[in-house]
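The values are calculated or read from the model by the stated rules, or taken from the named source; none is laboratory data. Since the model is a prediction, treat every value here as computed from it, not as a measurement. Here the Cβ is made from the backbone with ideal geometry for all residues, glycine too, and neighbour counts use every protein chain on show.
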Amino acid sequence: QKEVEQDPGPLSVPEGAIVSLNCTYSNSAFQYFMWYRQYSRKGPELLMYTYSSGNKEDGRFTAQVDKSSKYISLFIRDSQPSDSATYLCAMSPYNTDKLIFGTGTRLQVFP
Amino acid sequence: EADIYQTPRYLVIGTGKKITLECSQTMGHDKMYWYQQDPGMELHLIHYSYGVNSTEKGDLSSESTVSRIRTEHFPLTLESARPSHTSQYLCASSDPRDRGEKAFFGQGTRLTVV
């Protein structure tokens, strides 16, 4: 069983929709949670970074962490065609060099 | 804005050739990494470095080697390329003062071995 599970999609939504992307994990030692956005033929770009449980908001993006359920989410409000990309969740335990990635969810936002 | 550069972006090369993928960063980060990414698969760590003269193998076994002679430079070498090495290679770096491995990535090198 993988430590991090992520639905690969693709997820196709109309412009303006609210998008919910999710990852589940099995390792209760994970403390740091990240979302990366990867455009086609580009490297991943750090989008959101959270520590432990709770919410973090940055513009149209909100990251949520529920450690009791081992579940993290990324919400995108008012989605735009420019949001079309693959979104990778990543997480690591405290004070370690390990960064574990999900497989990524491909998102398509159509006009 | 992350400043980490990889060259070449794309490389098609014949079996048996020696190749070096270049990675440089201008952020002064001590930690650097090489990941391998195949379509539909998660990123797998193949090498990492804590600083000059420090190199470690990652979780995914790889026939490649790395060196870290300068802080800003972390090249990856394949002595004899094979079709099984065809993949996307991503270089990343992070500031050890940032807990949780907040990694910044380069654009990647897409390697095809024919």
Q. Here are A:Asp78, A:Asp7: which of them is among the acidic types (Asp, Glu) and modelled with pLDDT of 90 or more?
A. A:Asp78
Q: Could you look through segment A:26-51, keep only residues that are surrounded by fewer than 22 Cβ atoms within 10 Å (Cβ to Cβ) and out of contact with any Phe, Trp or Tyr (no Cβ under 8 Å at 6 or more places or on another chain), and pick out the one that is farthest from the other protein chains (Cβ to nearest Cβ)?
A: A:Ser28
**Q.** Answer residue from segment A:81-101, given it is surrounded by 22 or more Cβ atoms within 10 Å (Cβ to Cβ) and at pLDDT 95 or above and is nearest to the other protein chains (Cβ to nearest Cβ) among those
**A.** A:Leu88
Q. For segment A:82-111, how many residues meet the condition of being in contact with a strand residue (DSSP E or B) (Cβ under 7 Å, 6 or more places away or on another chain), of a type outside the set (Ser, Thr, Tyr) and over 23 Å from B:Gly58 (Cα atoms)?
A. 7
Q | Failed item in (1) within 28 Å of A:Lys2 (Cβ to Cβ); (2) within 14 Å of another protein chain (Cβ to nearest Cβ); (3) surrounded by fewer than 13 Cβ atoms within 10 Å (Cβ to Cβ), with B:Arg97 passing the rest | A | (1)
Q: Might you check whether a residue that is more than 11 Å from the chain's Cα centre (by Cα), of a type in the set (Phe, Trp, Tyr) and closer than 17 Å to A:Gly43 by Cβ occurs anywhere in segment B:95-110?
A: yes
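Out of the residues in segment B:100-114 that are part of a loop (DSSP other than H, G, I, E, B) and either among the small types (Gly, Ala, Ser) or more than 9 Å from chain A (Cβ to nearest Cβ) (or both), which is farthest from B:Tyr10 (Cα to Cα)?
Residue satisfying both the conditions and the ranking: B:Gly100.
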(Q) Any residue at all in segment A:67-75 that's within 14 Å of another protein chain (Cβ to nearest Cβ) and under 23 Å from B:Gly108 (Cβ atoms)? (A) no
(Q) Looking only at segment B:14-52, count every residue that is in contact with a His (Cβ under 9 Å, 6 or more places away or on another chain) and away from chain A (no Cβ under 13 Å) and tell me the total. (A) 3
Q. For segment B:72-90, how many residues meet the condition of being outside any strand (DSSP E or B), buried (at least 17 other Cβ atoms within 10 Å of the Cβ), in contact (Cβ under 8 Å) with a residue 40 or more places away in the chain and over 11 Å from the mean Cα position of the chain (by Cα)?
A. 2
